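Enquirer: This structure is in structure tokens; I'll ask about it shortly.
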Amino acid sequence: MILDLAYLAVLLSFASGLLALMSNQRGMLIELSQHYFAKFPDSQRHQTLLDNTFTESRYPGLLRQAVFALLSLSGIFAVLAGLAVLISQQAITDQIPLGLPWLPWHVRFDGLSGFFFLIIGIAVIAVSLYGPAYVSAYQEHQHPFAMLGLFTGLFVAGMMLVLLADDAFFFMIAWELMSVASYFLVAFQHEHAANRRAAFVYLLMAEVGALAIILGFGVLASFADGFTFDALRQATLSSSWASIAFMLALLGFGMKAGLVPVHVWLPEAHPVAPSHISALMSGVMLKVAVYGLIRFCFDLLSEVQWQWGVVLLVLGTISALGGILYAMMQPNLKRLLAYSSVENIGIIFMVLGLAMIFMANGHPQLAALGFLAALFHAFNHALFKSLLFLCAGILQHQTHDLNIDTMGGLIKRMPKTSFLFLVGCMSISSLPLFNGFVSEWLAFQTALQVDVLDNGVLRSLIPVSAAALALTAALAAACFVKVFGMIFLGLPRSRNSEKAHEVTDKTMLAGPTLLAGLCFFFGIFPSLIINLLNDVASQLLGQSLPNDTALGWLWLAPVSAHKASYAPPLVLIGVLIAGCISFWYLRRNPELKTMRRSAAWDCGFGGLTPRMQYSCSAFTMPFRRIFAKVWLIDEQIKKDIQGAMQMDVAAIHYQLQVQDHSWPLLYQPIAQGVNKLAKQVGRIQTGNIRVYLGYSFATLILMLWVIS
């Protein structure tokens with residue numbers, strides 16, 4: 001029954017894509033009929049048929065709603081299936097008569113895959129509520145909904161199938177379905193060259209990552225009796241071969257997750273994809289990559305080594321700190337959110353590294369704590385990052401821009417969107433009462449247990465990473481103070497922002513409202529998810545947190561109540577009491593709330609204008625000066641000089657470009673090497689038939705020699 005719910009979720013996502021494809025056929029019929037009947041304007045009969053044809057043109061809108069309704073049902077069944085398998089604590093297996101003749105597709109649905117099913121389901125439900133109004137802005141002849149709906153359904157189905165796969169062959173088929181479908185979604189607005197380039201970079205890195213994953217499975221399969229995960233679990237590998245398999249898996253899954261330095265596709269692809277697709281890619285697809293790494297390292301590999309944990313800890317620290325520093329410099333909202341995803345993926349990998357270190361050093365309960373913190377942060381990131389991307393889509397829908405410097409003053413024009421965006425900013429900034437705080441607090445609690453380790457190197461390294469995590473949290477708060485302040489406060493900086501208003505279709509706000517409510521709810525009652533994750537840790541690691549410290553709904557004490565505890569319901573009650581006291585005090589003393597309103601001080605310049613406000617580059621200038629070596633900065637100030645003495649400054653032009661170090665250090669040398677190799681290979685193309693016959697003869701002699 002539980003597995004049937006998961007199957008139904010997959011089938012419904014496939015059905016939504018097929019239904020979207022049908023909408024294109026109906027649109028083509030309408031276009032053809034309009035073209036035909038327009039040739040007979042004098043015929044009353046033909047005119048009537050033409051009018052009826054135009055009347056039928058409303059049905060594509062209904063088909064779009066039906067497509068997203070099916071997608072919403074898919075998300076609902078995914079949530080039900082995930083909750084059911086988490087509560088039952090079962091591992092359900094099955095076989096599907098597809099695949100190779102000697103290798104049918106093996107299916108396994110356990111607590112780990114059920115948890116990620118829950119993540120996918122929630123995000124898909126929110127996107128389905130948001131989607132119909134959002135996609136209506138696209139012009140059908142230029143951006144057909146059939147392609148968008150088809151590949152969205154395939155994309156969601158591919159992610160779900162990855163979670164169900166129980167053999168390497170089925171896993172890679174589902175992985176490629178997810179990757180290729182998302183490529184077409186990134187390239188949806190293909191008329192722009194930047195979009196085509198971003199899609200190409202994404203597909204190239206996705207295929208390189210897939211090749212690394214295949215090689216990782218190949219290493220395991222060479223020591224096993226087959227390609228099923230049960231056979232791979234029984235493989236006995238030496239320490240060296242296990243490390244090789246781990247590094248291949250880390251490269252493949254880390255590339256898809258956006259781990260530094262293989263993250264460059266992420267800030268390129270997310271800004272150009274439709275916003276609801278960006279929400280699925282950043283909020284969900286990156287977590288599928290995290291799932292793949294967890295499944296490979298904690299489940300398929302027989303024994304975890306502490307050196308692997310150090311690698312994850314170091315790469316995660318670099319990704320977290322580098323991601324948020326790059327995010328601060330971005331004026332494009334969706335590009336900023338993409339780099340923020342690199343930061344949060346870094347936090348997840350950091351805590352997974354801590355879990356590996358504690359597991360390998362004989363502290364399974366602390367390993368369970370780190371594992372739980374990583375999964376909980378993955379869940380929280382899926383909520384608030386999907387919320388922020390959907391709100392970014394609303395802003396783009398209403399202002400026709402994503403440049404933060406051209407916005408401003410939108411809190412008065414779009415109050416509901418501003419409130420939802422504020423919830424997302426507070427959640428991603430890890431403020432108390434919201435879900436992001438709880439998972440990062442658990443991450444800190446894991447790192448603070450370093451005193452149980454005997455290795456001096458680890459006892460020195462982990463506090464440094466914890467300090468970097470604290471700096472990352474502070475920079476994230478500063479980054480999203482900038483984002484919210486630049487977009488919603490102050491004066492409008494453009495005509496589009498000045499004329500912006502709240503979306504007229506309220507269903508577009510339903511998805512972000514759901515996610516914002518869940519961010520607050522799980523910030524107050526995190527134990528509901530932590531209880532489920534505790535069971536996942538018990539299934540996968542064979543160890544869970546003690547019942548007296550982890551399972552209370554009021555107090556959250558992950559290690560011991562004597563060391564650290566957090567009670568979000570009590571914090572909420574304290575905030576409400578403080579608010580009530582303040583309100584009562586102000587009502588009792590009305591003179592305190594008397595407020596004189598006047599114009600803001602303009603420094604004697606004769607009135608404030610939007611040009612006097614802080615820009616993104618001005619806000620981040622102190623950080624840019626402190627961390628100057630982190631970026632490639634090209635800052636230019638050009639002055640137009642006038643006057644007889646060339647002393648009068650007529651105008652000042654300021655340009656700032658911030659680039660990623662990864663491109664010139666890693667990717668450009670590879671590209672140059674490939675180009676040089678291609679030129680060398682091109683020399684064999686002489687155009688002489690005799691030379692080509694000589695090549696064929698030499699190849700034939702070589703093959704005969706090798707075979708004999």
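Enquirer: Arrange the peptides 673-686, 341-354 so that the one whose residues have, on average, the most other Cβ atoms within 10 Å appears first. Write out the running numbers ahead of the final one.
Expert: Values: 673-686: 9.2, 341-354: 28.6.
Output ranking for 673-686, 341-354: 341-354, 673-686.
Enquirer: With only Lys, Arg, Asp and Glu charged, each at its Cβ (+1 for the first two, -1 for the last two), find how big the charge dipole of the chain is about the Cα centre; round to the nearest 20 debye. Kindly include the intermediate steps, with their values, before the conclusion.
Expert: Details: 40 positive and 36 negative charges, 377 e Å.
Charge dipole, the chain, about its Cα centre: 1820 debye, nearest 20.
Enquirer: For the pair A651/A137, report the inter-label distance in nm, with labels modelled 7 Å from Cα in the Cβ direction.
Expert: Rounded to a tenth, the inter-label distance reads 3.0 nm.
Enquirer: Students often check this: by mean Cβ neighbours within 10 Å, which of 278-289, 2-13, 216-227 ranks highest, and how do the rest follow? Let's see the in-between values first.
Expert: Numbers: 278-289: 25.9, 2-13: 20.4, 216-227: 18.7.
Averaged packing, sorted descending, gives the order 278-289, 2-13, 216-227.
Enquirer: Another question about this same structure. Please arrange E176, E440, E303 by how many other C-beta atoms lie within 10 Å of their C-beta, fewest to most.
Expert: Details: E176 15, E440 24, E303 10.
Fewest-to-most Cβ neighbours within 10 Å comes out as E303, E176, E440.
Enquirer: Per the Kirkwood definition applied to all pairs of different Cα atoms, how many angstroms is the hydrodynamic radius of segment 192-289?
Expert: Hydrodynamic radius (Kirkwood, Cα only) of segment 192-289 equals 14.7 Å.
Enquirer: Be a star and scan segment 78-115 for residues whose amide nitrogen sits under 19 Å from the point 7 Å along the Cα-to-Cβ vector of M1.
Expert: 78-94, 109-111, 114, by backbone N distance to the label point.
Enquirer: Could you tally the net charge around L237, taking each other residue with its Cβ under 15 Å from the Cβ of L237, Lys/Arg +1 and Asp/Glu -1?
Expert: Details: positive: R233; negative: D225, D299, E303.
With Lys, Arg at +1 and Asp, Glu at -1, the net is -2.
Enquirer: Same structure again: Just the number, please: Stokes-Einstein D of segment 234-357 in µm²/s, Kirkwood Rh from C-alpha pairs, 10 °C, 1.306 mPa s.
Expert: So the translational diffusion coefficient is about 108 µm²/s.
Enquirer: What is the fewest-to-most order of C297, C603 by other Cβ atoms lying within 10 Å of their Cβ?
Expert: Numbers: C297 23, C603 8.
Least crowded to most crowded, the residues run C603, C297.
Enquirer: Further question: Can you check what the net charge comes to around A650, using other residues whose Cβ is under 12 Å from the Cβ of A650 (Lys, Arg +1; Asp, Glu -1)?
Expert: Numbers: positive: K638, K639; negative: D640, D648.
Here the count lands on 0.
Enquirer: If you don't mind, another one. May I ask you to order 309-322, 456-469, 89-102 by the average number of other C-beta atoms within 10 Å around their residues, highest value first? Display every interim value, and only then the final one.
Expert: Values: 309-322: 22.9, 456-469: 16.0, 89-102: 12.6.
Ranking, from highest mean packing down: 309-322, 456-469, 89-102.
Enquirer: Return a whole-number percent for the relative contact order of the chain, with Cα pairs under 8 Å and 6 or more residues apart as the contact set.
Expert: Working: 1095 pairs, mean separation 76.7, N = 708.
11 percent.
Enquirer: Which part of segment 403-433 falls in the paramagnetic zone of V575, meaning amide N under 11 Å from the point 7 Å along Cα-to-beta-carbon?
Expert: Correct set: 423, 426-427, 431-433.
Enquirer: Further, regarding this structure: State, in angstrom, two size descriptors of segment 663-707 derived from its alpha carbons: Rg to one decimal place and Dmax to the nearest whole number.
Expert: So, for segment 663-707, Rg and Dmax equal 16.3, 45 Å respectively.
Enquirer: Gain in length, W705 to L608, computed as 0.36 nm per residue apart minus the alpha-carbon separation, to one decimal in nm? Write out the running numbers ahead of the final one.
Expert: On the way: separation 97, 0.36 × 97 = 34.92 nm, distance 8.47 nm.
Value of the extension gain: 26.5 nm.
Enquirer: Obtain the radius of gyration and the Kirkwood radius of segment 571-708 from its C-alpha atoms and give Rg over Rh. Could the numbers behind the result be given before it?
Expert: Details: Rg = 34.9 Å, Rh = 24.9 Å.
Rounded to two decimals, Rg over Rh is 1.40.
Enquirer: If you don't mind, another one. Assuming 0.692 mPa s and 37 °C, estimate D for segment 138-201 with Stokes-Einstein, Rh taken as the Kirkwood radius over Cα pairs, in µm²/s.
Expert: Numbers: Rh = 12.5 Å.
It diffuses with D of about 262 µm²/s by this estimate.
Enquirer: Take the Cα atoms of segment 304-546, build their convex hull, and give its volume per residue in Å³. Working shown, then result.
Expert: Working: hull volume 25.7 nm³, N = 243.
Convex hull volume per residue, Cα atoms: 106 Å³.
Enquirer: While we're looking at this one, here's another question. With Kirkwood's inverse mean 1/r over C-alpha pairs for Rh, give me the Rg to Rh ratio of segment 61-217, two decimals please. Before the final figure, lay out each step's value.
Expert: Numbers: Rg = 17.2 Å, Rh = 17.0 Å.
In segment 61-217, Rg relative to Rh is 1.01.
Enquirer: Over the Cα atoms of segment 457-563, what Rg and Dmax result, in angstrom?
Expert: 21.1, 60
Enquirer: Related question: For the chain, build the charge dipole from Cβ charges (+1 Lys, Arg; -1 Asp, Glu) around the Cα centre, then report which of M328, P274, I684 sits farthest towards its positive end.
Expert: Of the listed residues, the answer is M328.
Enquirer: Mind checking which aspartates and glutamates have their C-alpha under 16 Å from K482, skipping anything on the same chain fewer than 8 residues away?
Expert: K482 reaches D405.
Enquirer: Compute the length gained on full extension between V452 and K506: take 0.36 nm times their separation in residues and subtract their Cα-Cα distance, giving the result in nm to one decimal.
Expert: Numbers: separation 54, 0.36 × 54 = 19.44 nm, distance 5.33 nm.
Gain on stretching V452 to K506: 14.1 nm.
Enquirer: Moving to a separate point now. Within the set of other residues whose C-beta is less than 14 Å from the C-beta of F170, count the net charge using Lys and Arg as +1 and Asp and Glu as -1.
Expert: On the way: positive: R108, R295; negative: D94, D166, D167, E176, D230.
Local net charge: -3.
Every number in this text was worked out from the coordinates using simple rules, so none of it is lab data. Not measured: the values here are computed from a predicted model. When we count neighbours, we look across all protein chains shown, and the Cβ atoms used for this are built from the backbone with ideal geometry, even at glycine.
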